[in-house]
1. Could you check the stretch 40-75 and list, in sequence order, the residues that are of a type in the set (Gly, Ala, Ser) and within 17 Å of His87 (Cα to Cα)?
2. Quick check on the stretch 80-95: of everything there that is open to solvent by 90 Å² or more (accessible area, probe 1.4 Å) and either of a type outside the set (A, V, I, L, M) or more than 12 Å from the chain's Cα centre (by Cα) (or both), which residue is farthest from Leu14 (Cα to Cα)?
3. State whether the residues of the stretch 9-30 include one that is open to solvent by 100 Å² or more (accessible area, probe 1.4 Å) and among the polar types (S, T, N, Q).
4. Residue under question is Tyr33, and the condition is that it be of a type in the set (Phe, Trp, Tyr), surrounded by 15 or more Cβ atoms within 10 Å (Cβ to Cβ) and under 11 Å from the mean Cα position of the chain (by Cα); does it hold?
5. How about the stretch 52-78: which of its residues are open to solvent by 40 Å² or more (accessible area, probe 1.4 Å), under 25 Å from Arg91 (Cα atoms) and touching a Leu at 6+ places or on another chain (Cβ under 8 Å)?
6. Quick check on Leu49: is it open to solvent by 100 Å² or more (accessible area, probe 1.4 Å) and more than 11 Å from Leu25 (Cβ to Cβ)?
7. Go through the stretch 1-39 and give me each residue that's among the aliphatic types (A, V, I, L, M) and either in contact with a Gly (Cβ under 8 Å, 6 or more places away or on another chain) or under 24 Å from Ala86 (Cα atoms) (or both).
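The values are calculated or read from the model by the stated rules, or taken from the named source; none is laboratory data. In this text the structure is predicted, and so the values were computed from the model without any measurement. A quick note on method: Cβ atoms are made from the backbone with ideal geometry, for glycine too, and the neighbour counts reach across all protein chains shown. For accessibility, only protein heavy atoms count, side chains too; no ligands or nucleic acids. Shrake-Rupley method; radii C 1.70, N 1.55, O 1.52, S 1.80 Å.
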Amino acid sequence: MPGENQDRAQLDNLSRALLRLHKALLDGERVTYERVHGRIPTNGAFFQLVLGDAWFAWLRPLSEEGDGFGRHYYVALQRDPDVGLAHAAVRALLR
């Protein structure tokens with residue numbers, strides 16, 4: 001059905017935009033972390049930090065709202081143009 005195909009395409013676009021936003025947040029936070037703590041040697045080490053280090057804890061509850069995530073998200077939007085662009089793309093798809 002034409003409507004279903006359009007809905008699927010819109011959901012696919014939204015999914016890709018959310019993935020880009022998530023990547024932009026992770027990339028931006030990695031840069032900030034490395035400024036403070038030095039270079040992260042491997043992607044595996046970075047993955048372990050994202051999963052377990054308190055620095056990245058605010059990114060874990062993306063499905064929740066709250067002071068921790070909201071505050072850090074706002075800072076990331078102000079600090080990193082890629083996060084701002086990815087955020088705008090997600091907002092446009094949600095309209």
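1. First, pick out the residues of the stretch 40-75 that are of a type in the set (Gly, Ala, Ser): 44-45, 52, 54, 57, 63, 66, 68, 70.
Within the stretch 40-75, Ser63, Gly70 qualify.
2. First, pick out the residues of the stretch 80-95 that are open to solvent by 90 Å² or more (accessible area, probe 1.4 Å): 81-82, 85, 91, 94-95.
Right, trim to either of a type outside the set (A, V, I, L, M) or more than 12 Å from the chain's Cα centre (by Cα) (or both) and you get 81-82, 91, 94-95.
Working: Pro81: 19, Asp82: 17, Arg91: 9, Leu94: 8, Arg95: 11 Å.
The extreme case among them is Pro81.
3. Keep residues of the stretch 9-30 that are open to solvent by 100 Å² or more (accessible area, probe 1.4 Å), which gives 11, 16, 19-20, 23.
Those still in the list that are among the polar types (S, T, N, Q) too: none.
Checking the stretch 9-30: not a single residue is open to solvent by 100 Å² or more (accessible area, probe 1.4 Å) and among the polar types (S, T, N, Q).
4. Numbers: of a type in the set (Phe, Trp, Tyr): yes; surrounded by 15 or more Cβ atoms within 10 Å (Cβ to Cβ): yes; under 11 Å from the mean Cα position of the chain (by Cα): no.
No, not satisfied.
5. Across the stretch 52-78, the qualifying residue is only His72.
6. On the way: open to solvent by 100 Å² or more (accessible area, probe 1.4 Å): no; more than 11 Å from Leu25 (Cβ to Cβ): yes.
In short, no.
7. Here is the first cut: in the stretch 1-39, the ones among the aliphatic types (A, V, I, L, M) are 1, 9, 11, 14, 17-19, 21, 24-26, 31, 36.
Listed by number, the residues that qualify are Ala9, Leu11, Leu14, Ala17, Leu18, Leu19, Leu21, Ala24, Leu25, Leu26, Val31.
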